[in-house]
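In what follows, a structure is listed as structure tokens, so that the remarks can point back to it.
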Amino acid sequence: MNEIFNKPYEAKEFEQDTYKRWEESGFFNPDNLPESLTHTSDLVPRTFCIIMPPPNANGHLHAGHALFITVEDIMTRYKRMQGYKALWVPGADHAGFETQVVYEKKLEKEGRSRFKMDPQELFDEIMAFTLENKKHMEEEVKRMGASCDWSRERFTLDPDIIKDVQKTFVKMYDDGLAYRGLRTVNWCTKHQTSLSDVETESVEKTDKLYYIKYGPFVVATVRPETIFGDVAIAVNPEDARYRQYIGQEVEVENPNGKLTVKVIGDESVDIEFGTGALKVTPAHDNNDFALAQKHGLEHVIVIDQFGKLNEKAGKYAGMKIAEARTKVVEDLQAMGLIEKIEEYVHAVPTCYKCGTTIEPRLLPQWFVKMKPLAEMAAKVVDEGKIEFIPDNYRKIFLYWMNNTIDWNISRQIVWGIPIPAKVCDDCNFGTAEDIEVCPECGSQLRKDTDTFDTWFSSGQWPLLTLNYPDGKDFKQFYPTDVMETGRDLIFKWVPRMVIFGLYLAKEIPFKTVYMHGLVNDAKGKKMSKSKGNVVNPIELIEKFGTDALRMGLVVGNTPGNDAALAENKIKGYRNFANKIWQATRFVLMNSDGVDFSQAPELTGRDKEVLAECAAMKGQITKELDDFMIHLAAENIYHYFWHTFADKIIEENKDRLKSDNEADKYAAQYVLNEILRASLKLLHPFMPFVTETIYGNLPGNDGKMLMIEKW
């Protein structure tokens, strides 16, 4: 018996050396797997592929990263042992806006501002910061035991990836799917950039609802400060109170004088809200902008990019929105134009990174026409070509595809992939063509300084990582088998990957979408730095070992649902790792030097426990095939501890001391068979302790469990 089993298992003594052995073996690369493992009877290898959701290269791994790495590694190790050419492609995401926000916080602490920096200087600083963080992040992914192919690792700012992303934009422009338009967008006044709808968070707030006398009407609004940008009053054509005014122009009074506005009828106006009459401010409200487009109304901008009223607001110019609102209301009250004020609870969109209230802003931006693309995506899901686990996410996906709006892909930040376009500042024309003069107004065009929304590049990730369209990997591994990702990305990342896969490759990018939930603290509360309840996975690894953390993350963690991560739970699985070690020690100690080449004469009970072991293998296999990873992990845990260690080993202790050599040999044989079978079943979940044990079993001479047949 190998002397390493003479003391308790200490994860930190073995884990990093074990990972080094795996890397040096080259078996993370499916091209290096032995043919005896991957070739079926017809000599055609079966393939399996997962593309890692690339972690943001702007910091350390968090518990959510630890979960997805564990789940995807379990899938990959299982398929590799089953004889598949299993490819798990790692990557890192430059994460555009998110990373720039992280870096801006660093600049603030240093007393610097990105707005006072040369754009190239800022880009270079963020690149150095990101590449340094990327190194730390990759080492932490390895600490989690990830058996991904590092030789194929990609970064979203690799030069060839930038080139391919830009090429997609040009193709979309040529196909009439990408266009430059003047529309209201979600604007963050703190970070000075537009955001897509999925980069905003709705927060319930209580505001004042002001009822303002407005010519012959009373209108209800939470934004009296935008009154200087009003161009119309909208009513429902079915509302008998106002029908006679539709089509007329009316004069309304405000603190800066008088305005003449048109009364329009539109069925979108809610008769029950407020007074049923709405003031229309197209430049500062998304719904009002839609009304203006429909009814041919003008746009009057009264709030600037910094959230301050401009010169069109007269005496209120230069005031921030909140201050202007107070002042305007005071003046309206003095003029006798406020009829009443009510409390009003409503959902307010905010920047998802800083919480600043989003200011709708009229800007020329690049958009992608989503309707034709979303229809393609909905069709393949309706036809069952993509499976969702759990299935309720299929409905969520379809809801987003059936209610889509055009996607704003422009970001006013330096950290990202530049949009390869030229724009006209005089008429807002934009083109992906190489021309110098605006064909609309004759002005000189300039190079666009905006960058792509990060989802524009990451949406193409399955294609980019497999070197679409001519790469060997693309031809062998696309479409991939599983996209495993967080449930919150069902409307951010997943639809964009499906859309780009269908648009560019004319094929789905993956066959199955597996959604995991959030990892919360031990009390089920969302982790946040401000609450001080963030769990660092690397600290848990140092304390309890990677295998214990992995089991703690997956047992009881059903697909799509949030899970609590408690230290006591992980501690329990550290004890389990040691139980596997001690059970191995007992079996080896009681069969040292025994040659198992001869079949023993088995008792009825021996046959029964071997059949139970085979049945457990069948059960675990089915659960993994059905993506019930939480059940598979729990069942192999209970089988090893409570059936094998507590019952079968105990039942055989007397036989191991027996003078009946044939019966003793049968007991030794059965225990060794179940131990080896159990190590294989445990390996995808607890790769370090099982690999360490397997390589030190008699006769294995350093053989690697990761490429043993399932």
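A short reminder: the numbers here are calculations on the coordinates, not readings from a lab. The structure presented is a predicted model; accordingly, all values stated were derived computationally and were not measured. Quick reminder, even Gly has a Cβ in these numbers, built from the backbone with ideal geometry, and neighbours come from all protein chains shown.
Karplus-based coupling profile of region 703-709, in residue order and whole Hz: 4, 9, 5, 4, 10, 6, 6, with θ = phi - 60° in 6.51 cos²θ - 1.76 cosθ + 1.60 and x standing for Gly or Pro.
Among the listed pairs K12/K569; K385/K523; K205/K526, those whose Cα-Cα separation exceeds 29 Å are K385/K523. Helix 392-402: angle to the longest alpha-carbon principal axis of the chain, degrees 0 to 90, nearest 10? The two axes meet at around 30 degrees. Considering only C-alpha atoms, what is the centroid distance from region 368-426 to region 130-172, in Å? Cα centroid to Cα centroid, the span is 22 Å.
Kindly state, to the nearest 0.05, the FRET efficiency for N2 paired with K543, given R0 = 30 Å and r defined as their beta-carbon distance.
Working: r = 26 Å, r/R0 = 0.88.
Result of the calculation: an efficiency of 0.70.
Taking all Cα pairs closer than 8 Å and separated by 6 or more residues, the relative contact order of the chain comes to 16 percent. Amide H contacts of A564 (H built 1.01 Å from N, in plane; Pro and chain starts excluded): N520 sit under 5 Å, all sequence-distant by 5 or more or on other chains. A crude spin-label estimate for the pair E267 and N700, with each label 7 Å from Cα along the Cβ direction, gives 7.1 nm. Between Y399 and E13, residue separation times 0.36 nm minus the direct Cα-Cα distance comes to 133.9 nm. Packing around the peptides 676-684, 53-61, 355-363, 545-553, taken as the average count of other Cβ atoms within 10 Å per residue, puts them in this order, highest first: 545-553, 676-684, 53-61, 355-363. Placing pseudo-labels 7 Å out from each Cα toward the beta carbon at T260 and A566 gives an inter-label distance of 7.3 nm. Here the 3J(HN,Hα) profile of region 469-474, calculated from phi with Karplus coefficients 6.51, -1.76 and 1.60 at θ = phi - 60°, is x, 10, x, 4, 5, 4 Hz, Gly and Pro shown as x. Only aspartates and glutamates eight or more places from K371 in sequence, or on another chain, were considered; those with a Cα closer than 19 Å are D174, D175, D197, D382, E383, D406, D453, E507.
With an 8 Å Cα cut-off and a minimum separation of 6 or more residues, compute the relative contact order for region 546-707 in percent. Show your work: numbers first, answer last.
Details: 147 pairs, mean separation 48.6, N = 162.
Worked out over region 546-707, it gives 30 percent.
Counted residue by residue at 0.36 nm each, then reduced by the alpha carbon distance between them, the extension gain from E375 to E323 reaches 14.2 nm.
Rounded, prolate or oblate: which fits region 546-707, taking a ≥ b ≥ c as square roots of the Cα gyration tensor eigenvalues, rounded meaning a/c under 1.5, else prolate when a/b beats b/c?
Numbers: a/c = 2.04, a/b = 1.82, b/c = 1.12.
Prolate shape, in that a/c is at least 1.5 and a/b is the bigger ratio.
D453 sits among other residues whose Cβ lies under 10 Å from its own Cβ, and their net charge, with Lys and Arg +1 and Asp and Glu -1, is 0.
In debye to the nearest 20, how big a dipole does region 194-359 give about its Cα centre with +1 on each Lys and Arg Cβ and -1 on each Asp and Glu Cβ? Please report the intermediate quantities before stating the final value.
Working: 18 positive and 28 negative charges, 97 e Å.
Here the size comes out at about 460 debye.
Let's test the formula: R0 of 25 Å, r as the Cβ-Cβ distance of Y179 and T206. What FRET efficiency results, to the nearest 0.05? Provide the component values of the computation, followed by the final result.
Working: r = 39 Å, r/R0 = 1.56.
Efficiency for this residue pair is about 0.05.
Using θ = phi - 60° in the Karplus curve 6.51 cos²θ - 1.76 cosθ + 1.60, the 3J(HN,Hα) couplings for region 57-65 round to 8, 10, x, 8, 5, 10, 4, x, 4 Hz; x is entered for Gly and Pro.
Write down the percent of antiparallel bridges among all DSSP beta bridges whose residues are both part of the chain, to the nearest 5.
70
Using a/c under 1.5 as the rounded threshold, could you call region 213-332 rounded, prolate or oblate? The axes a ≥ b ≥ c are square roots of the C-alpha gyration tensor eigenvalues, and prolate needs a/b larger than b/c, oblate otherwise. It comes out prolate by the Cα gyration axes.
Note the angle between two axes, namely the Cα long axis of helix 286-295 and the longest principal axis of the Cα atoms of the chain, as a number of degrees from 0 to 90, rounded to the nearest 10. Helix 286-295 and the main axis of the chain meet at about 50 degrees.
Looking at the square roots a ≥ b ≥ c of the eigenvalues of the Cα gyration tensor of region 428-512, which shape do they give, rounded for a/c under 1.5, prolate if a/b is larger than b/c, or oblate? Walk me through the numbers before you get to the answer.
Values: a/c = 3.43, a/b = 2.05, b/c = 1.67.
Because a/c hits 1.5 or more and a/b exceeds b/c, region 428-512 counts as prolate.
For R183, the residues 5 or more places off, or on other chains, whose built amide H falls under 5 Å of its own are L363, Q365.
Amide H to amide H, with H built 1.01 Å from N, Y214 comes under 5 Å of V219, counting only residues 5 or more places away or on other chains. Round to the nearest 10 and give me the degree value, 0 to 90, for the angle of helix 11-25's Cα axis relative to the longest principal axis of the chain. Helix 11-25 sits roughly 90 degrees off the main axis of the chain.
The orientation-averaged projected area of the convex hull spanned by the Cα atoms of the chain comes to 36.9 nm².
Across the cross-link table entries K106/K308; K135/K353; K134/K190; K447/K475, which are compared at the Cα atoms, the separations over 30 Å belong to K447/K475. Could you work out the relative contact order of region 488-623? I mean the mean sequence separation of Cα pairs under 8 Å and 6+ apart, divided by the number of residues, in percent. Relative CO of region 488-623 lands at 20 percent.
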